[in-house]
Amino acid sequence: MGSSIEERLRGPWLAALAGDSAAYADCLRELAAMLRGYYRKRLVSLPDEVEDLVQETLIAMHNRRHTYDPGRPLTAWAHAIAKYKYVDLMRRRAVRDELHEPIDDDLEAFAASDHDAADARRDLRKLLATLPERHRRPIECVKIEGLSVAETARRTGMSESAVKVGVHRGLKALAELIRRQP
């Protein structure tokens, strides 16, 4: 977010704040291009998130435009908002990823004792077999095979929401089954 960008953005942004809608539209286009570059560098492994984050950031800039201090660089203000939006995304993804860690990492929690991996898989399969398919299939796909929620939805014909609910409720039911075992 160098000085040439600052020079290109500052005038139109100040005009936009004064009510010039054409300057505002031009400034938003320039900011969007700048943000795309910023987020693409940081979200190499998550390219589908870039455009959503650009839009979220532009909305945040619009909603917080009254906080901009004309005595300070516009790019620094924009960068701060972009950084916060990036951190928010990473936090949201971390929470989602915690909920969707592969179940293989915790197989011993499903085993009755210190059996070898084959016994643990057999025990897990027995427990999973007690679940209704709407809970079992999402767990098998997301937690055991490591598919994403979107991939699981496509494979099973379920909505993404139904997959998430199925995993959550299925794991809850499995935990209850395990608690009840002697």
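Each value in this text was obtained by applying a stated rule to the coordinates, not by laboratory testing. The structure displayed is predicted, hence computed values, not measured ones. A quick note on method: Cβ atoms are made from the backbone with ideal geometry, for glycine too, and the neighbour counts reach across all protein chains shown.
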Scanning segment 132-156 for residues that are of a type in the set (S, T, N, Q) and part of a helix (DSSP H, G or I), the one surrounded by the most Cβ atoms within 10 Å (Cβ to Cβ) turns out to be Thr152
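Limited to segment 8-26, what total is found for residues that are of a type outside the set (A, V, I, L, M), part of a helix (DSSP H, G or I) and free of Cβ contacts under 8 Å to residues at least 40 places away in the same chain? Give the derivation first.
At the first step, the residues of segment 8-26 found to be of a type outside the set (A, V, I, L, M) are 8, 10-13, 19-21, 24, 26.
Narrowing further to those that are part of a helix (DSSP H, G or I): 8, 10-13, 21, 24, 26.
Filter again for free of Cβ contacts under 8 Å to residues at least 40 places away in the same chain, leaving 8, 11-12, 21, 24, 26.
Count: 6.
Which one of these is free of Cβ contacts under 8 Å to residues at least 40 places away in the same chain and in a loop (DSSP other than H, G, I, E, B): Val54, Val87, Val44?
Details: Val54 fails: in a loop (DSSP other than H, G, I, E, B); Val87 fails: in a loop (DSSP other than H, G, I, E, B).
On inspection, the qualifying residue turns out to be Val44.
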Taking segment 157-182 and keeping residues surrounded by fewer than 20 Cβ atoms within 10 Å (Cβ to Cβ) and over 23 Å from Arg93 (Cα atoms) leaves Gly157, Ala173, Ala175, Glu176, Leu177, Ile178, Arg179, Arg180, Gln181, Pro182
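With the condition kept exactly as written, say whether any residue in segment 69-79 is farther than 30 Å from Lys143 by Cβ, among the charged types (D, E, K, R) and surrounded by 12 or more Cβ atoms within 10 Å (Cβ to Cβ). First the steps, then the outcome.
Within segment 69-79, the first condition is being farther than 30 Å from Lys143 by Cβ, and the residues that meet it are 69-79.
Add one more test, that the residue is among the charged types (D, E, K, R), and what stays is 69, 72.
Checking which are surrounded by 12 or more Cβ atoms within 10 Å (Cβ to Cβ) leaves us with none.
Within segment 69-79 (the criterion being farther than 30 Å from Lys143 by Cβ, among the charged types (D, E, K, R) and surrounded by 12 or more Cβ atoms within 10 Å (Cβ to Cβ)), the answer is no, since none of the residues qualifies.
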